[in-house]
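Novice: Right, I'll just put the structure down here and ask away after.
The values are calculated or read from the model by the stated rules, or taken from the named source; none is laboratory data. If you're wondering where the values come from, they're calculated on a predicted model, not measured in any experiment. In this analysis, Cβ positions are derived from the backbone assuming ideal geometry, glycine residues included, and neighbour counts consider all displayed protein chains. SASA here: full protein model, heavy atoms, side chains in, ligands and nucleic acids out. Shrake-Rupley method; radii C 1.70, N 1.55, O 1.52, S 1.80 Å.
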Amino acid sequence: MITPVRRAVAVCTLGVLGAAALTACGSPDTALRAPRPGHSATPVPTRSRPPTVAPGPAGLTPVFANGPRAAGRTVALTFDADMTADEGPRAASGEHFDNPALIAALRALKVPATVFMTGRWADQYPRQARAIGRDPLFEVGNHSYSHYAFTDDCYGLPTMSEDRLASDVNRAWAAFRRAGVPDPMPYFRFPGGCYDDRALRTLGAAGVTAVQWDVVSGDAFATDADAVARQVLDGVKPGSVVVMHCTRSAAPVTERAVRTVVPELRKRGFRFVKVSELIRSAASRPR
């Protein structure tokens, strides 16, 4: 389902938390299109572009929250690889913003997934970013470079000025190129899930689809994997997009929760897909 454009939306995947906790979990610029590595931001030929949603009113960036409810029992697991622009010292002192065991579990379970990376995360973990980006099981979306908010009052996140919004997104594409991610998808997830018309206008020329969710896993800072699994299992419907996290320090029980969720949803007849498949299904349905 494509959510209607709203004056202001503030949905936080990490809950109502302070700025320090949240960090873990301009004008329109056509250069925001996800470029192929080794090239400038030249638009990809139409025939090879991944599925996107048509722009909203006045060219505003479209917002996608879930796929069709009646198009089969499909569900997309998405994982935010969060790291803010100023967390380098914490990583240098041993804090882990990655989660290789989670990625290994998804591979072992053969679960396709969409990973929304911040550019700072890709800069910190380039080998992991490259491995995820080159694995056909996964697709990579843009989660900004800095993980700073695109709106005011976004659950304590630092807020960027309007003239920095476009450059921050473009900076993330550049980080993906440096890391060797070959084909990042034209999908964007707002830090904290917060957006308004200003943010949607800023991204409007980029040709991206903003991807939200309809199931919050509650994995951020959780210590009970079973509780996280129950929350996902209770919320999933056909076409759901589930938001989870790919950071050990901020979401330490996600891997264990996934190992419970995946077999149970398969038992219920669900099939795991990437966000791109849900968008393609939505675009192909008669209006």
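Novice: Could you check the range 67-94 and list, in sequence order, the residues that are under 30 Å from Leu265 (Cβ atoms) and open to solvent by 10 Å² or more (accessible area, probe 1.4 Å)? Don't jump to the end; show me each part of the working.
Specialist: Looking only at the range 67-94, we keep the residues that are under 30 Å from Leu265 (Cβ atoms), and these are 67-83.
Of everything in the range 67-94, those that are under 30 Å from Leu265 (Cβ atoms) and open to solvent by 10 Å² or more (accessible area, probe 1.4 Å) turn out to be Pro68, Arg69, Ala70, Ala71, Gly72, Arg73, Thr74.
Novice: Could you check the range 232-272 and list, in sequence order, the residues that are touching a Gly at 6+ places or on another chain (Cβ under 7 Å) and closer than 20 Å to Gly141 by Cα?
Specialist: Gly239
Novice: In addition: Could you check the range 83-99 and list, in sequence order, the residues that are of a type in the set (Gly, Ala, Ser) and not in a loop (DSSP other than H, G, I, E, B)?
Specialist: Within the range 83-99, the subset of a type in the set (Gly, Ala, Ser) is 85, 88, 91-94.
Gly88, Ala91, Ala92 - these are the residues of the range 83-99 that are of a type in the set (Gly, Ala, Ser) and not in a loop (DSSP other than H, G, I, E, B).
Novice: Only one of Arg164, Arg171, Arg230, Arg201 is closer than 26 Å to Val258 by Cβ and basic (Lys, Arg). Can you tell me which?
Specialist: On the way: Arg164 fails: closer than 26 Å to Val258 by Cβ; Arg171 fails: closer than 26 Å to Val258 by Cβ; Arg201 fails: closer than 26 Å to Val258 by Cβ.
Within the list Arg164, Arg171, Arg230, Arg201, the selection yields Arg230.
Novice: Among the residues of the range 242-254, is any more than 20 Å from the chain's Cα centre (by Cα) and assigned to a helix (DSSP H, G or I)?
Specialist: Checked against the condition, which is being more than 20 Å from the chain's Cα centre (by Cα) and assigned to a helix (DSSP H, G or I), the range 242-254 yields no hits at all.
Novice: OK, next. Please work out which one of (1) within 20 Å of Arg256 (Cα to Cα); (2) not in a strand (DSSP E or B) is the condition Asp80 fails and give its number.
Specialist: Failed condition: (2).
Novice: Among the residues of the range 111-127, are any at pLDDT 95 or above, of a type in the set (Phe, Trp, Tyr) and within 15 Å of the chain's Cα centre (by Cα)? Please lay out each step first, then the result.
Specialist: Step one: of the range 111-127, the residues at pLDDT 95 or above are 111-127.
From the residues that got through so far, the ones that are of a type in the set (Phe, Trp, Tyr) too are 116, 121, 125.
Adding the requirement that they be within 15 Å of the chain's Cα centre (by Cα) leaves 116, 121.
Yes, the range 111-127 contains a residue that is at pLDDT 95 or above, of a type in the set (Phe, Trp, Tyr) and within 15 Å of the chain's Cα centre (by Cα).
Novice: Among the candidates Gly156, Gly180, single out the residue that is open to solvent by 10 Å² or more (accessible area, probe 1.4 Å), modelled with pLDDT under 95 and farther than 30 Å from Leu265 by Cα.
Specialist: Working: Gly180 fails: modelled with pLDDT under 95.
Of the residues listed, the single one that is open to solvent by 10 Å² or more (accessible area, probe 1.4 Å), modelled with pLDDT under 95 and farther than 30 Å from Leu265 by Cα is Gly156.
Novice: Could you figure out which of (1) within 21 Å of Ala65 (Cα to Cα); (2) open to solvent by less than 50 Å² (accessible area, probe 1.4 Å) isn't true of Gln231?
Specialist: Of (1) within 21 Å of Ala65 (Cα to Cα); (2) open to solvent by less than 50 Å² (accessible area, probe 1.4 Å), only one is false for Gln231: (2).
Novice: Related question: Conditions first: (1) modelled with pLDDT of 95 or more; (2) surrounded by fewer than 22 Cβ atoms within 10 Å (Cβ to Cβ); (3) within 17 Å of the chain's Cα centre (by Cα); (4) more than 29 Å from Val261 (Cα to Cα). Asp214 passes all but one, so which condition is the exception?
Specialist: (4)
Novice: Considering each residue of the range 104-153, count those that are open to solvent by 50 Å² or more (accessible area, probe 1.4 Å) and acidic (Asp, Glu), and give that number.
Specialist: Total satisfying the criteria: 3.
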